[in-house]
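Undergrad: Quick one: structure below, then a few questions.
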Amino acid sequence: MTELPAPPDWIATATRAAAELGLGSDVARLDGQAWARLRGRTAEILSAQGTPLPPDWEGALARALGRADADELARDEADTVLAEKGEVFAPEDDA
């Protein structure tokens, strides 16, 4: 599947939403909870404007804003939880 870029209005809307929520301008470094709030608010604004959001809109927005892929972030968060518990989490460690 080809990854399409996020339209410029999505980026502008996310930037506006980040300011509205007091999250600052460095959205690439937001923690998972703040990123979820930003995605939610961005979706609300875009939906209110009548902008249809495709299934992978969050991934496209994340890439446009310099964030890691959503799947990569989910793996990182899961790995962190496992590491905190002392669990093995690297695929090569499962062998």
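Undergrad: At a Förster radius of 35 Å, what calculated FRET efficiency corresponds to the Cβ-Cβ distance of Arg37 and Leu4, to the nearest 0.05?
TA: E(calc), rounded to 0.05, equals 0.90.
Undergrad: Then there's this: With all pairs of different alpha carbon atoms counted, what Kirkwood hydrodynamic radius in Å does region 17-61 show?
TA: By the Kirkwood definition, the hydrodynamic radius is 11.0 Å.
Undergrad: I want to make sure I understand the PRE zone here: with the label point 7 angstrom from the Cα of Thr51 toward its beta carbon, which residues in region 27-41 have backbone N atoms less than 18 Å away?
TA: Label zone hits: 27-28, 35-41.
Undergrad: Using a 7 Å offset from Cα along Cα-Cβ at Thr15, what residues in region 38-58 end up with backbone N under 16 Å from the label point?
TA: 42
Since every read-out is calculated from the coordinates, none of them should be taken as a lab result. What you are looking at is a predicted structure, and each value in this text was computed from that prediction instead of being measured. Methodologically, a virtual Cβ is constructed for each residue, glycine included, from the backbone with ideal geometry; neighbour enumeration extends over all protein chains shown.
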